[in-house]
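Trainee: My questions will all concern the structure given below.
The values are calculated or read from the model by the stated rules, or taken from the named source; none is laboratory data. On a predicted model such as this, the values are computed, not experimentally measured, just so you know. Virtual Cβ from ideal backbone geometry, glycine too; neighbours counted across all protein chains shown. Note: areas computed on protein heavy atoms with side chains; ligands, DNA, RNA excluded. Shrake-Rupley method; radii C 1.70, N 1.55, O 1.52, S 1.80 Å.
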Amino acid sequence: MDELPLFSQPAKRAKPEPKARTPAKPKPSPHREEKGNFRLDFSRVLGQEKVKKLLSQAILRGRVSKAYLFYGPEGSGKDAMAIELAKALNCQSPTVRPCQTCAACRQIASLNYPDLHFIFAAPKSIKEEDYVKHLARLMENPYQDSAYSSTATISIERIRELKRAAALKRHQRGYQVTIISQADRMTPEAANSLLKLLEEPPPRSVLILTTSRLERLFPTIISRCQVVQFAPLQPEEIREALPQFGASESQAEVVSRLAMGNFRKAREILHEDFETLRKEALELLRVSRSADELTQLSFVEELGGRKDRGKTKELLLLALLWLRDAQLFASAQDRESVREFLYNADKIEEIRDLVQLFQGINLEKTIAETENSIDLIEKNVYINLVLIHLVN
Ligand SMILES: [Zn+2]
């Protein structure tokens with residue numbers, strides 16, 4: 001079947017016009033089902049209470065949309081929610097859905113459910129076994145980046161395969177669920193091809209697109225979907241979840257503040273280099289009190305040489321938390337009683353040393369300067385300059 005491109009210059013699609021030339025077609029009417037008597041349990045997805053309520057009500061009222069667009073910041077749980085929704089729509093439990101134990105729930109979790117399709121960005125040349133392996137990793141931790149590589153796209157071939165598969169619904173019960181993760185990575189040809197599917201969705205099918213970059217999707221695609229907005233996670237929601245991934249309580253406290261609502265990032269910080277970065281932040285503060293300018297310079301050169309703005313910002317945020325701890329600790333009448341309010345509660349000795357080191361220094365002013373440095377890093381000021389200013 002020939003598919004007409006909707007845009008004459010598909011390469012320039014970064015800025016959709018505010019008013020699409022093609023008038024928006026009405027969304028397909030939702031499925032009509034009997035009302036459910038069971039309870040929904042989306043507890044495997046962090047936070048997102050509004051989204052959970054909206055989807056639960058749609059299922060319980062038997063009014064599930066044929067196409068959803070999950071939109072929100074990275075690491076907020078869009079793919080995780082999509083997978084749990086796929087389970088809920090196919091779960092056979094009479095009491096709680098998804099139950100995680102029935103055949104459908106287990107088959108979806110292990111990718112053996114014929115009516116579930118999960119599409120992610122991958123190079124055209126990817127081997128089938130690598131595709132399957134990557135998919136398995138994603139199902140294990142749906143908070144990670146679903147793209148196989150940073151430049152990978154979703155090709156028209158994948159969408160064509162999907163359409164062929166969509167024509168074959170295997171089970172009588174439940175729904176065929178198709179998840180297109182990071183849908184903004186579809187090539188223009190793939191997006192045009194998908195439009196057909198959106199216009200004539202197969203019976204008992206639900207399409208879920210996820211994206212953190214809504215502006216990169218065709219307006220014609222957005223208008224065919226029910227847009228469901230995901231919020232950045234709250235630091236408390238991240239903090240509560242981290243211990244099950246090996247974080248101590250104080251690590252969870254600090255990491256949740258650094259993650260900026262992004263659970264993927266929280267797990268990255270935790271696993272990759274959190275302790276190293278925390279030590280370096282402390283070292284930065286020590287060096288800033290050093291009388292030896294050469295030591296200061298070489299330390300700044302070393303940190304600045306990495307040219308990683310994100311990491312430098314994390315480093316300064318950690319330095320800020322050390323300073324706040326020192327300030328609180330220094331001003332406390334009873335040092336034991338403030339323990340629970342410290343970010344680095346597991347490092348009392350270090351905080352004590354820091355208080356000593358900053359004796360006679362206006363900590364409030366140092367804290368303000370550190371905050372200012374974080375602003376400067378965000379504003380793209382040369383990293384070394386910011387660091388030098390801070391240590392002097
Ligand atoms: Zn189940």
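Trainee: I'd like the residue in segment 120-133 that is crowded, with 17+ Cβ neighbours inside 10 Å and under 27 Å from residue 241 (Cβ atoms) and, out of all such residues, is nearest to the ligand (Cβ to nearest atom). Don't jump to the end; show me each part of the working.
Mentor: First, pick out the residues of segment 120-133 that are crowded, with 17+ Cβ neighbours inside 10 Å: 120-122.
Filter once more, so that each one left must be under 27 Å from residue 241 (Cβ atoms): 120-121.
Numbers: 120: 24, 121: 29 Å.
Going through the qualifying residues, I end up with 120.
Matching residues to (1) open to solvent by less than 40 Å² (accessible area, probe 1.4 Å); (2) closer than 22 Å to residue 345 by Cβ; (3) at pLDDT 90 or above:
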site: 220; (1), (2), (3): yes, no, yes
site: 229; (1), (2), (3): no, no, yes
site: 279; (1), (2), (3): no, yes, yes
site: 283; (1), (2), (3): no, yes, yes
site: 304; (1), (2), (3): yes, no, no
site: 314; (1), (2), (3): yes, yes, no
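Trainee: From the list 364, 369, which one is in contact with a His (Cβ under 9 Å, 6 or more places away or on another chain) and more than 12 Å from residue 312 (Cα to Cα)?
Mentor: Working: 364 fails: in contact with a His (Cβ under 9 Å, 6 or more places away or on another chain).
Exactly one residue qualifies, and that residue is 369.
Trainee: Let me ask something else about it. Scan (1) open to solvent by less than 20 Å² (accessible area, probe 1.4 Å); (2) out of contact with any Lys or Arg (no Cβ under 6 Å at 6 or more places or on another chain); (3) of a type outside the set (D, E, K, R); (4) within 14 Å of residue 69 (Cβ to Cβ) for the single condition residue 212 breaks and write down its number.
Mentor: Just one mismatch for residue 212, condition (1).
Trainee: Got at least one residue in segment 156-171 being within 16 Å of the ligand (Cβ to nearest atom) and assigned to a loop (DSSP other than H, G, I, E, B)? Steps first, please.
Mentor: Taking segment 156-171 and keeping what is within 16 Å of the ligand (Cβ to nearest atom), we get 171.
Filter once more, keeping what is assigned to a loop (DSSP other than H, G, I, E, B): 171.
Scanning segment 156-171, I find at least one residue that is within 16 Å of the ligand (Cβ to nearest atom) and assigned to a loop (DSSP other than H, G, I, E, B), so the answer is yes.
Trainee: In segment 21-40, is there at least one residue being in the same structural domain as residue 181 (by TED's automatic domain parsing), in a loop (DSSP other than H, G, I, E, B) and among the hydroxyl-bearing types (Ser, Thr, Tyr)?
Mentor: Checking segment 21-40: not a single residue is in the same structural domain as residue 181 (by TED's automatic domain parsing), in a loop (DSSP other than H, G, I, E, B) and among the hydroxyl-bearing types (Ser, Thr, Tyr).
Trainee: Please pick out the residue among 54, 116, 111 that is open to solvent by 40 Å² or more (accessible area, probe 1.4 Å), within 16 Å of the ligand (Cβ to nearest atom) and hydrophobic (A, V, I, L, M, F, W, C). Steps first, please.
Mentor: On the way: 54 fails: within 16 Å of the ligand (Cβ to nearest atom); 116 fails: open to solvent by 40 Å² or more (accessible area, probe 1.4 Å).
Only one candidate passes the filter, namely 111.
Trainee: Here is a further query. Could we say that residue 253 is in a helix (DSSP H, G or I), without any contact (Cβ under 8 Å) to a residue 40 or more places away in the chain and either closer than 30 Å to residue 318 by Cβ or not assigned by TED's automatic domain parsing to the domain that holds residue 122 (or both) here?
Mentor: Values: in a helix (DSSP H, G or I): yes; without any contact (Cβ under 8 Å) to a residue 40 or more places away in the chain: no; either closer than 30 Å to residue 318 by Cβ or not assigned by TED's automatic domain parsing to the domain that holds residue 122 (or both): yes.
Answer is no for this residue.
Trainee: Would you point out which residue out of 44, 39 is within 22 Å of residue 237 (Cα to Cα), at pLDDT 90 or above and within 15 Å of the ligand (Cβ to nearest atom)? If you could, list the steps in order and put the result at the bottom.
Mentor: Numbers: 39 fails: within 22 Å of residue 237 (Cα to Cα).
Unique residue meeting the criteria: 44.
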